[in-house]
Amino acid sequence: MSTLLQALHHAGQPLLDRLEEIYKDFHRHPELSMQEVRTADILAGKMRALGYEVTTRVGVTGVVCVLRNGAGATVMLRADMDALPMAEATGLPYEATGVTATDSDGSTVGVAHSCGHDMHITWMLGAAEILAQQRDGWSGTVMIVFQPGEETAEGAAAMVADMPAGRFPKPDVILGQHVMVGEAGTVNYRPGVTLSAGDSLKIRLFGRGGHGSMPNTTVDPVVMAAHTVVRLQTIVSREVAPTEPAVLTIGSLQAGTKANIIPDDATIKLNMRTFSEGTRDYMLKSIRRICCAECEASGAPREPEFTTINRYPLTENDLKATQQVAAAFQAEFGDKSYLAARPASASEDFSVFGRTWGVPYVFWFVGGTDPEVYASHVANGTVSQIPSNHSPQFAPVIHPTLQTGLRSMLAAASAWLVAA
Ligand SMILES: [Zn+2]
Ligand SMILES: [Zn+2]
(Lines give C-alpha, C1' and ligand atoms only; values in the text may rest on other atoms or scores of the structure.)
(Ligands and ions follow the chains in the order given, each with its own letter.)
Protein backbone atom coordinates (compact mmCIF):
# COMPACT_ATOMS: atom_id res chain seq x y z
CA MET A 1 0.00 0.00 0.00
CA SER A 2 1.35 3.42 -0.89
CA THR A 3 2.14 5.95 1.83
CA LEU A 4 -0.75 8.10 0.62
CA LEU A 5 -3.26 5.27 0.98
CA GLN A 6 -1.85 4.43 4.41
CA ALA A 7 -2.34 8.06 5.39
CA LEU A 8 -5.93 7.96 4.13
CA HIS A 9 -6.49 4.82 6.14
CA HIS A 10 -5.13 6.49 9.29
CA ALA A 11 -7.20 9.64 8.72
CA GLY A 12 -10.19 7.29 8.89
CA GLN A 13 -13.69 8.24 9.96
CA PRO A 14 -12.99 11.81 11.18
CA LEU A 15 -11.83 12.79 7.66
CA LEU A 16 -14.82 11.07 6.05
CA ASP A 17 -17.22 12.78 8.48
CA ARG A 18 -15.76 16.18 7.62
CA LEU A 19 -15.93 15.48 3.89
CA GLU A 20 -19.53 14.28 4.22
CA GLU A 21 -20.53 17.67 5.62
CA ILE A 22 -18.68 19.43 2.80
CA TYR A 23 -20.39 17.18 0.24
CA LYS A 24 -23.84 17.90 1.65
CA ASP A 25 -23.13 21.63 1.53
CA PHE A 26 -22.06 21.46 -2.13
CA HIS A 27 -25.12 19.31 -2.83
CA ARG A 28 -27.47 21.88 -1.31
CA HIS A 29 -25.87 24.71 -3.27
CA PRO A 30 -25.67 23.58 -6.90
CA GLU A 31 -24.57 26.12 -9.53
CA LEU A 32 -25.09 26.10 -13.29
CA SER A 33 -22.28 25.66 -15.81
CA MET A 34 -19.87 28.62 -15.94
CA GLN A 35 -21.61 30.17 -12.91
CA GLU A 36 -19.81 28.11 -10.22
CA VAL A 37 -18.79 31.17 -8.20
CA ARG A 38 -19.63 30.00 -4.68
CA THR A 39 -18.30 26.50 -5.32
CA ALA A 40 -15.02 27.84 -6.75
CA ASP A 41 -14.61 30.29 -3.83
CA ILE A 42 -15.01 27.52 -1.25
CA LEU A 43 -12.61 25.22 -3.10
CA ALA A 44 -10.01 27.97 -3.56
CA GLY A 45 -10.18 28.88 0.14
CA LYS A 46 -9.76 25.30 1.31
CA MET A 47 -6.92 24.61 -1.14
CA ARG A 48 -5.05 27.75 -0.02
CA ALA A 49 -5.42 26.63 3.58
CA LEU A 50 -3.86 23.30 2.61
CA GLY A 51 -0.80 25.10 1.19
CA TYR A 52 -1.48 24.92 -2.55
CA GLU A 53 -0.58 27.82 -4.90
CA VAL A 54 -4.11 28.70 -6.01
CA THR A 55 -5.11 30.59 -9.17
CA THR A 56 -8.79 31.45 -9.54
CA ARG A 57 -10.92 32.58 -12.50
CA VAL A 58 -9.01 30.41 -14.95
CA GLY A 59 -11.45 30.09 -17.87
CA VAL A 60 -14.20 32.10 -16.08
CA THR A 61 -14.62 30.13 -12.81
CA GLY A 62 -11.92 27.45 -13.02
CA VAL A 63 -9.44 26.96 -10.16
CA VAL A 64 -5.89 25.67 -10.62
CA CYS A 65 -4.00 24.51 -7.51
CA VAL A 66 -0.33 23.53 -7.63
CA LEU A 67 1.73 21.74 -5.00
CA ARG A 68 5.45 21.42 -5.83
CA ASN A 69 7.15 18.70 -3.86
CA GLY A 70 10.56 17.95 -5.35
CA ALA A 71 11.73 16.08 -8.40
CA GLY A 72 9.49 13.75 -10.33
CA ALA A 73 6.40 13.63 -12.46
CA THR A 74 3.76 16.35 -12.74
CA VAL A 75 0.32 14.83 -12.27
CA MET A 76 -2.83 16.76 -13.11
CA LEU A 77 -6.01 15.71 -11.29
CA ARG A 78 -9.27 17.13 -12.64
CA ALA A 79 -12.72 17.43 -11.08
CA ASP A 80 -15.74 19.18 -12.64
CA MET A 81 -17.86 21.50 -10.49
CA ASP A 82 -21.10 22.30 -12.32
CA ALA A 83 -24.70 21.19 -11.72
CA LEU A 84 -27.62 20.71 -14.12
CA PRO A 85 -30.60 22.94 -15.02
CA MET A 86 -33.21 20.66 -13.43
CA ALA A 87 -35.10 20.26 -10.16
CA GLU A 88 -33.94 17.52 -7.80
CA ALA A 89 -36.46 14.86 -6.71
CA THR A 90 -34.42 12.54 -4.52
CA GLY A 91 -36.23 13.26 -1.25
CA LEU A 92 -32.85 13.11 0.51
CA PRO A 93 -32.53 15.05 3.78
CA TYR A 94 -29.83 17.14 2.07
CA GLU A 95 -31.81 17.62 -1.14
CA ALA A 96 -31.33 20.95 -2.95
CA THR A 97 -34.83 22.37 -2.69
CA GLY A 98 -36.05 25.45 -4.48
CA VAL A 99 -32.67 26.39 -5.95
CA THR A 100 -33.10 28.33 -9.18
CA ALA A 101 -30.78 30.21 -11.51
CA THR A 102 -30.87 32.02 -14.83
CA ASP A 103 -29.53 29.93 -17.68
CA SER A 104 -27.69 31.21 -20.77
CA ASP A 105 -31.04 31.70 -22.60
CA GLY A 106 -32.28 33.98 -19.80
CA SER A 107 -34.79 31.42 -18.48
CA THR A 108 -35.23 30.69 -14.78
CA VAL A 109 -34.48 27.01 -14.14
CA GLY A 110 -34.16 24.66 -11.18
CA VAL A 111 -30.60 23.57 -10.37
CA ALA A 112 -29.43 20.21 -9.03
CA HIS A 113 -26.23 18.18 -8.73
CA SER A 114 -27.85 15.34 -10.68
CA CYS A 115 -24.61 14.28 -12.36
CA GLY A 116 -22.65 13.89 -9.11
CA HIS A 117 -20.02 16.57 -9.73
CA ASP A 118 -20.44 17.56 -6.06
CA MET A 119 -19.00 14.12 -5.24
CA HIS A 120 -16.09 14.70 -7.65
CA ILE A 121 -14.99 17.94 -5.97
CA THR A 122 -15.39 16.40 -2.51
CA TRP A 123 -13.18 13.45 -3.50
CA MET A 124 -10.64 15.92 -4.81
CA LEU A 125 -10.58 17.98 -1.61
CA GLY A 126 -9.98 14.81 0.40
CA ALA A 127 -7.20 13.67 -1.91
CA ALA A 128 -5.68 17.18 -1.86
CA GLU A 129 -5.60 17.13 1.93
CA ILE A 130 -3.81 13.77 2.12
CA LEU A 131 -1.29 14.87 -0.54
CA ALA A 132 -0.59 18.12 1.32
CA GLN A 133 -0.20 16.44 4.70
CA GLN A 134 1.97 13.55 3.51
CA ARG A 135 4.58 15.47 1.55
CA ASP A 136 7.38 13.22 2.81
CA GLY A 137 5.59 10.22 1.29
CA TRP A 138 5.82 11.31 -2.36
CA SER A 139 7.83 13.38 -4.77
CA GLY A 140 6.84 15.41 -7.82
CA THR A 141 4.27 18.09 -8.60
CA VAL A 142 0.52 17.86 -8.25
CA MET A 143 -1.74 20.19 -10.22
CA ILE A 144 -5.38 19.99 -9.16
CA VAL A 145 -7.86 21.49 -11.60
CA PHE A 146 -11.44 22.33 -10.63
CA GLN A 147 -13.20 22.72 -13.97
CA PRO A 148 -16.39 24.65 -14.69
CA GLY A 149 -18.95 23.98 -17.40
CA GLU A 150 -18.59 20.27 -18.17
CA GLU A 151 -22.32 19.91 -18.84
CA THR A 152 -22.20 22.51 -21.62
CA ALA A 153 -18.83 21.40 -23.06
CA GLU A 154 -17.51 24.91 -22.42
CA GLY A 155 -15.37 24.55 -19.32
CA ALA A 156 -12.34 22.53 -20.39
CA ALA A 157 -12.00 24.57 -23.60
CA ALA A 158 -12.28 27.83 -21.63
CA MET A 159 -9.60 26.70 -19.15
CA VAL A 160 -7.22 25.45 -21.83
CA ALA A 161 -7.52 28.79 -23.64
CA ASP A 162 -6.53 30.49 -20.37
CA MET A 163 -3.61 28.14 -19.64
CA PRO A 164 -0.93 29.06 -22.22
CA ALA A 165 2.40 27.20 -22.09
CA GLY A 166 4.45 28.35 -19.10
CA ARG A 167 1.59 29.68 -16.96
CA PHE A 168 1.32 26.37 -15.09
CA PRO A 169 3.49 23.22 -14.98
CA LYS A 170 2.94 20.91 -17.97
CA PRO A 171 1.53 17.60 -16.75
CA ASP A 172 3.00 14.18 -17.58
CA VAL A 173 -0.39 12.56 -17.10
CA ILE A 174 -3.98 13.76 -16.50
CA LEU A 175 -6.36 11.76 -14.31
CA GLY A 176 -10.11 12.10 -13.75
CA GLN A 177 -13.04 10.07 -12.45
CA HIS A 178 -16.85 10.06 -12.52
CA VAL A 179 -19.46 8.64 -10.16
CA MET A 180 -22.07 6.53 -11.93
CA VAL A 181 -24.57 3.72 -11.43
CA GLY A 182 -22.67 0.65 -10.21
CA GLU A 183 -21.91 -1.11 -6.96
CA ALA A 184 -20.51 1.44 -4.51
CA GLY A 185 -17.05 0.30 -3.45
CA THR A 186 -16.07 -0.68 -7.00
CA VAL A 187 -14.11 1.12 -9.71
CA ASN A 188 -13.97 0.31 -13.42
CA TYR A 189 -11.90 1.49 -16.35
CA ARG A 190 -11.09 0.81 -19.98
CA PRO A 191 -7.95 1.30 -22.05
CA GLY A 192 -8.61 3.15 -25.32
CA VAL A 193 -12.07 4.50 -26.12
CA THR A 194 -14.00 4.80 -22.87
CA LEU A 195 -16.62 7.50 -23.64
CA SER A 196 -18.30 8.44 -26.90
CA ALA A 197 -17.80 11.64 -28.80
CA GLY A 198 -20.93 13.81 -28.65
CA ASP A 199 -22.01 16.39 -31.21
CA SER A 200 -25.15 18.52 -31.03
CA LEU A 201 -26.24 20.45 -34.11
CA LYS A 202 -28.99 22.92 -34.96
CA ILE A 203 -30.17 22.77 -38.55
CA ARG A 204 -32.46 25.40 -40.01
CA LEU A 205 -34.39 24.45 -43.16
CA PHE A 206 -35.76 27.26 -45.30
CA GLY A 207 -39.03 27.17 -47.21
CA ARG A 208 -41.39 29.90 -48.36
CA GLY A 209 -44.43 30.53 -46.19
CA GLY A 210 -47.97 31.31 -47.16
CA HIS A 211 -51.63 30.46 -46.65
CA GLY A 212 -52.41 26.89 -45.67
CA SER A 213 -55.15 26.81 -48.30
CA MET A 214 -52.68 27.57 -51.12
CA PRO A 215 -49.72 25.21 -50.70
CA ASN A 216 -48.92 25.54 -54.38
CA THR A 217 -47.70 29.10 -53.73
CA THR A 218 -45.30 27.98 -50.99
CA VAL A 219 -42.34 25.70 -50.27
CA ASP A 220 -43.51 23.85 -47.18
CA PRO A 221 -40.66 23.51 -44.63
CA VAL A 222 -42.78 21.20 -42.44
CA VAL A 223 -42.91 18.52 -45.13
CA MET A 224 -39.22 19.17 -45.85
CA ALA A 225 -38.35 18.71 -42.17
CA ALA A 226 -40.49 15.57 -41.87
CA HIS A 227 -38.67 13.90 -44.78
CA THR A 228 -35.32 15.05 -43.43
CA VAL A 229 -36.01 13.55 -39.97
CA VAL A 230 -36.94 10.18 -41.47
CA ARG A 231 -34.02 10.16 -43.90
CA LEU A 232 -31.52 11.08 -41.13
CA GLN A 233 -32.53 7.87 -39.35
CA THR A 234 -31.07 5.88 -42.24
CA ILE A 235 -27.52 7.04 -41.44
CA VAL A 236 -27.19 4.69 -38.47
CA SER A 237 -29.49 1.98 -39.82
CA ARG A 238 -28.27 1.90 -43.47
CA GLU A 239 -24.91 3.63 -43.75
CA VAL A 240 -22.89 2.84 -40.61
CA ALA A 241 -21.59 -0.73 -40.29
CA PRO A 242 -23.71 -2.89 -37.93
CA THR A 243 -20.59 -3.65 -35.85
CA GLU A 244 -19.95 0.05 -35.25
CA PRO A 245 -21.98 1.63 -32.42
CA ALA A 246 -23.49 5.03 -33.23
CA VAL A 247 -26.48 7.10 -32.10
CA LEU A 248 -28.37 9.85 -33.88
CA THR A 249 -31.27 11.38 -31.94
CA ILE A 250 -33.40 14.27 -33.13
CA GLY A 251 -34.51 15.74 -29.83
CA SER A 252 -36.25 18.82 -31.17
CA LEU A 253 -38.27 19.67 -34.28
CA GLN A 254 -39.97 23.04 -34.46
CA ALA A 255 -41.93 24.84 -37.16
CA GLY A 256 -44.96 27.04 -37.47
CA THR A 257 -47.53 28.56 -35.13
CA LYS A 258 -51.02 27.90 -36.54
CA ALA A 259 -52.93 25.23 -38.47
CA ASN A 260 -53.54 27.30 -41.60
CA ILE A 261 -50.17 29.05 -41.94
CA ILE A 262 -47.32 27.41 -43.80
CA PRO A 263 -44.23 28.78 -42.03
CA ASP A 264 -41.06 30.12 -43.59
CA ASP A 265 -38.67 27.74 -41.90
CA ALA A 266 -38.22 24.69 -39.65
CA THR A 267 -35.53 23.91 -37.09
CA ILE A 268 -34.14 20.49 -36.20
CA LYS A 269 -31.87 19.91 -33.20
CA LEU A 270 -30.00 16.63 -33.17
CA ASN A 271 -27.48 14.83 -31.01
CA MET A 272 -24.96 12.31 -32.25
CA ARG A 273 -22.75 9.83 -30.35
CA THR A 274 -19.87 8.02 -31.99
CA PHE A 275 -16.98 5.86 -30.83
CA SER A 276 -14.38 6.51 -33.52
CA GLU A 277 -13.14 9.63 -35.31
CA GLY A 278 -13.84 7.99 -38.69
CA THR A 279 -17.52 7.32 -37.91
CA ARG A 280 -17.92 10.79 -36.48
CA ASP A 281 -16.56 12.49 -39.60
CA TYR A 282 -18.60 10.19 -41.83
CA MET A 283 -21.88 10.89 -40.00
CA LEU A 284 -21.34 14.66 -39.96
CA LYS A 285 -20.85 14.56 -43.74
CA SER A 286 -23.95 12.35 -44.19
CA ILE A 287 -26.07 14.74 -42.15
CA ARG A 288 -25.05 17.63 -44.42
CA ARG A 289 -25.57 15.58 -47.57
CA ILE A 290 -29.09 14.48 -46.53
CA CYS A 291 -30.23 17.91 -45.35
CA CYS A 292 -28.98 19.64 -48.49
CA ALA A 293 -30.49 16.96 -50.75
CA GLU A 294 -33.90 17.07 -49.02
CA CYS A 295 -33.95 20.86 -49.33
CA GLU A 296 -33.10 20.56 -52.99
CA ALA A 297 -35.80 17.89 -53.45
CA SER A 298 -38.34 20.30 -51.94
CA GLY A 299 -37.22 23.23 -54.08
CA ALA A 300 -36.03 25.22 -51.06
CA PRO A 301 -35.09 28.84 -51.83
CA ARG A 302 -31.76 28.46 -50.02
CA GLU A 303 -29.38 25.93 -48.50
CA PRO A 304 -29.95 24.81 -44.92
CA GLU A 305 -27.99 26.51 -42.12
CA PHE A 306 -25.89 24.33 -39.77
CA THR A 307 -24.86 25.53 -36.29
CA THR A 308 -22.82 23.54 -33.76
CA ILE A 309 -24.56 23.61 -30.36
CA ASN A 310 -21.76 21.77 -28.60
CA ARG A 311 -19.05 19.26 -29.22
CA TYR A 312 -17.52 16.65 -26.91
CA PRO A 313 -14.45 14.87 -28.26
CA LEU A 314 -13.88 11.14 -27.87
CA THR A 315 -12.45 10.11 -24.48
CA GLU A 316 -9.68 7.71 -25.44
CA ASN A 317 -7.57 6.55 -22.51
CA ASP A 318 -3.84 6.20 -23.08
CA LEU A 319 -3.00 2.48 -23.12
CA LYS A 320 0.21 2.56 -21.09
CA ALA A 321 -1.11 5.05 -18.52
CA THR A 322 -4.30 2.98 -18.12
CA GLN A 323 -2.13 -0.08 -17.39
CA GLN A 324 -0.43 1.87 -14.60
CA VAL A 325 -3.80 2.94 -13.17
CA ALA A 326 -5.17 -0.61 -13.49
CA ALA A 327 -2.17 -2.05 -11.60
CA ALA A 328 -2.63 0.54 -8.83
CA PHE A 329 -6.37 -0.28 -8.62
CA GLN A 330 -5.66 -4.01 -8.54
CA ALA A 331 -3.33 -3.53 -5.58
CA GLU A 332 -5.80 -1.29 -3.73
CA PHE A 333 -9.17 -2.81 -4.65
CA GLY A 334 -8.48 -6.39 -5.80
CA ASP A 335 -11.61 -7.78 -7.46
CA LYS A 336 -13.55 -4.59 -6.64
CA SER A 337 -11.67 -3.06 -9.58
CA TYR A 338 -12.63 -4.31 -13.02
CA LEU A 339 -12.34 -3.74 -16.73
CA ALA A 340 -15.56 -2.20 -18.13
CA ALA A 341 -17.13 -4.44 -20.76
CA ARG A 342 -17.71 -1.64 -23.26
CA PRO A 343 -17.33 2.11 -23.66
CA ALA A 344 -20.13 4.23 -22.22
CA SER A 345 -22.52 6.09 -24.53
CA ALA A 346 -21.95 9.29 -22.60
CA SER A 347 -19.56 12.14 -23.32
CA GLU A 348 -17.16 14.36 -21.38
CA ASP A 349 -14.92 17.32 -22.12
CA PHE A 350 -12.21 15.92 -19.80
CA SER A 351 -10.10 14.83 -22.79
CA VAL A 352 -9.83 18.42 -24.10
CA PHE A 353 -6.86 19.03 -21.74
CA GLY A 354 -4.89 15.96 -22.86
CA ARG A 355 -5.79 16.35 -26.52
CA THR A 356 -4.80 20.02 -26.62
CA TRP A 357 -1.52 19.56 -24.79
CA GLY A 358 -0.61 16.14 -26.19
CA VAL A 359 -0.57 14.59 -22.69
CA PRO A 360 -1.74 11.01 -21.92
CA TYR A 361 -4.91 10.82 -19.84
CA VAL A 362 -7.00 8.25 -18.00
CA PHE A 363 -10.65 8.63 -17.00
CA TRP A 364 -12.45 5.98 -14.95
CA PHE A 365 -15.71 5.34 -13.11
CA VAL A 366 -16.64 4.86 -9.47
CA GLY A 367 -19.84 3.03 -8.51
CA GLY A 368 -22.32 5.09 -6.50
CA THR A 369 -25.22 2.67 -5.90
CA ASP A 370 -25.80 1.13 -2.47
CA PRO A 371 -24.29 -2.41 -2.77
CA GLU A 372 -27.42 -4.14 -1.42
CA VAL A 373 -29.75 -2.15 -3.69
CA TYR A 374 -27.47 -2.86 -6.64
CA ALA A 375 -27.31 -6.59 -5.88
CA SER A 376 -31.12 -6.83 -5.71
CA HIS A 377 -31.46 -5.03 -9.07
CA VAL A 378 -28.89 -7.43 -10.58
CA ALA A 379 -30.85 -10.39 -9.20
CA ASN A 380 -34.11 -9.04 -10.66
CA GLY A 381 -32.61 -7.96 -13.98
CA THR A 382 -33.64 -4.34 -13.32
CA VAL A 383 -30.27 -2.54 -13.25
CA SER A 384 -31.51 -0.24 -16.05
CA GLN A 385 -34.20 1.05 -13.68
CA ILE A 386 -31.71 2.50 -11.18
CA PRO A 387 -31.90 6.30 -11.62
CA SER A 388 -28.82 7.23 -13.64
CA ASN A 389 -26.84 10.47 -13.90
CA HIS A 390 -29.11 13.31 -15.08
CA SER A 391 -32.20 11.68 -13.53
CA PRO A 392 -33.92 13.93 -10.95
CA GLN A 393 -33.69 10.89 -8.64
CA PHE A 394 -29.95 10.32 -9.14
CA ALA A 395 -28.55 9.94 -5.62
CA PRO A 396 -25.14 8.38 -5.00
CA VAL A 397 -24.95 6.70 -1.61
CA ILE A 398 -22.38 8.67 0.43
CA HIS A 399 -20.74 5.62 2.00
CA PRO A 400 -18.71 3.91 0.68
CA THR A 401 -18.76 6.06 -2.52
CA LEU A 402 -16.94 8.94 -0.84
CA GLN A 403 -14.14 6.75 0.48
CA THR A 404 -13.88 4.75 -2.75
CA GLY A 405 -13.30 7.82 -4.93
CA LEU A 406 -10.66 9.07 -2.48
CA ARG A 407 -8.88 5.71 -2.59
CA SER A 408 -9.03 5.48 -6.39
CA MET A 409 -7.70 9.02 -6.92
CA LEU A 410 -4.84 8.55 -4.46
CA ALA A 411 -4.04 5.06 -5.79
CA ALA A 412 -3.87 6.32 -9.38
CA ALA A 413 -1.85 9.45 -8.49
CA SER A 414 0.56 7.31 -6.44
CA ALA A 415 1.44 5.34 -9.57
CA TRP A 416 3.29 8.47 -10.79
CA LEU A 417 4.17 10.23 -7.54
CA VAL A 418 5.53 7.58 -5.24
CA ALA A 419 8.90 5.98 -5.91
CA ALA A 420 8.56 2.21 -6.23
ZN1 LIG B 1 -23.59 15.07 -16.71
ZN1 LIG C 1 -20.92 14.45 -15.27
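Taking residue 371 as meeting all but one of (1) surrounded by fewer than 17 Cβ atoms within 10 Å (Cβ to Cβ); (2) touching a strand residue (DSSP E or B) at 6+ places or on another chain (Cβ under 8 Å); (3) closer than 21 Å to residue 200 by Cβ, write down the number of the exception.
(3) is the only condition that residue 371 fails.
How do the pairs read when you match residues in segment 84-97 that are in contact (Cβ under 8 Å) with a residue 60 or more places away in the chain with residues anywhere that are assigned to a strand (DSSP E or B) and of a type in the set (Gly, Ala, Ser), using Cβ under 8 Å and keeping only pairs 6 or more apart or on different chains?
84/112; 86/110; 86/112; 87/110; 87/112; 88/110; 88/112; 96/112
Would you pick out the residues in segment 370-392 that are within 16 Å of ligand 2 (Cβ to nearest atom) and not small (Gly, Ala, Ser)?
387, 389, 390, 392
Could you look through segment 393-407, keep only residues that are under 16 Å from residue 187 (Cβ atoms) and within 16 Å of ligand 2 (Cβ to nearest atom), and pick out the one that is surrounded by the most Cβ atoms within 10 Å (Cβ to Cβ)?
So the first thing to find is which residues in segment 393-407 are under 16 Å from residue 187 (Cβ atoms), and the list is 396-397, 399-407.
Then keep just the ones that are within 16 Å of ligand 2 (Cβ to nearest atom); that gives 396, 401, 405.
Values: 396: 25, 401: 24, 405: 28.
Residue satisfying both the conditions and the ranking: 405.
Hey, among the residues in segment 127-147 that are at pLDDT 95 or above and of a type in the set (Gly, Ala, Ser), which one's surrounded by the fewest Cβ atoms within 10 Å (Cβ to Cβ)?
139
Please state which one of 382, 404 is more than 16 Å from ligand 1 (Cβ to nearest atom), modelled with pLDDT of 95 or more and either closer than 30 Å to residue 5 by Cβ or touching a helix residue (DSSP H, G or I) at 6+ places or on another chain (Cβ under 8 Å) (or both). Spell out the reasoning first.
On the way: 382 fails: either closer than 30 Å to residue 5 by Cβ or touching a helix residue (DSSP H, G or I) at 6+ places or on another chain (Cβ under 8 Å) (or both).
Testing whether each residue is more than 16 Å from ligand 1 (Cβ to nearest atom), modelled with pLDDT of 95 or more and either closer than 30 Å to residue 5 by Cβ or touching a helix residue (DSSP H, G or I) at 6+ places or on another chain (Cβ under 8 Å) (or both) leaves just 404.
Does residue 351 satisfy the condition of being touching a residue at least 12 places away in the same chain (Cβ under 8 Å) and within 16 Å of ligand 2 (Cβ to nearest atom)?
On the way: touching a residue at least 12 places away in the same chain (Cβ under 8 Å): yes; within 16 Å of ligand 2 (Cβ to nearest atom): yes.
In short, yes.
Sort out for me the strands (runs of 3 or more DSSP E) sitting completely within segment 178-290 that have 3 or more residues that are free of Cβ contacts under 8 Å to residues at least 24 places away in the same chain. Steps first, please.
Numbers: elements: 187-189, 192-195, 197-206, 246-255, 265-274.
In segment 178-290, 246-255 are the strands (runs of 3 or more DSSP E) which contain 3 or more residues that are free of Cβ contacts under 8 Å to residues at least 24 places away in the same chain.
Taking residue 106, is it of a type outside the set (A, V, I, L, M), free of Cβ contacts under 8 Å to residues at least 12 places away in the same chain and under 19 Å from residue 21 (Cα atoms)?
No; evaluated as a whole, the condition is false for this residue.
Can you name every residue in segment 37-57 that is in a strand (DSSP E or B) and hydroxyl-bearing (Ser, Thr, Tyr)?
Narrowing segment 37-57 to residues in a strand (DSSP E or B): 53-57.
Of everything in segment 37-57, those that are in a strand (DSSP E or B) and hydroxyl-bearing (Ser, Thr, Tyr) turn out to be 55, 56.
Could you count how many residues in segment 321-348 are more than 16 Å from ligand 2 (Cβ to nearest atom) and either part of a helix (DSSP H, G or I) or not hydrophobic (A, V, I, L, M, F, W, C) (or both)?
Number satisfying all stated conditions: 19.
Just to be sure, is residue 60 among the aliphatic types (A, V, I, L, M) and assigned to a loop (DSSP other than H, G, I, E, B)? Reasoning before the result, please.
Details: among the aliphatic types (A, V, I, L, M): yes; assigned to a loop (DSSP other than H, G, I, E, B): yes.
Criteria met by residue 60.
Can you tell me which residue within segment 149-189, out of those that are of a type in the set (S, T, N, Q) and within 10 Å of the chain's Cα centre (by Cα), is farthest from residue 360 (Cα to Cα)?
So the residue we want is 152.
Which of the residues belonging to segment 116-174 are among the β-branched types (Val, Ile, Thr) and away from ligand 2 (no atom under 16 Å from the Cβ)? Before the answer, list the steps.
First, pick out the residues of segment 116-174 that are among the β-branched types (Val, Ile, Thr): 121-122, 130, 141-142, 144-145, 152, 160, 173-174.
Result: 130, 141, 142, 144, 160, 173, 174.
The values are calculated or read from the model by the stated rules, or taken from the named source; none is laboratory data. These numbers come from a predicted model, not from an experiment. Positions of Cβ are generated from backbone atoms using ideal geometry, with glycine treated the same way; all protein chains shown enter the neighbour counts.
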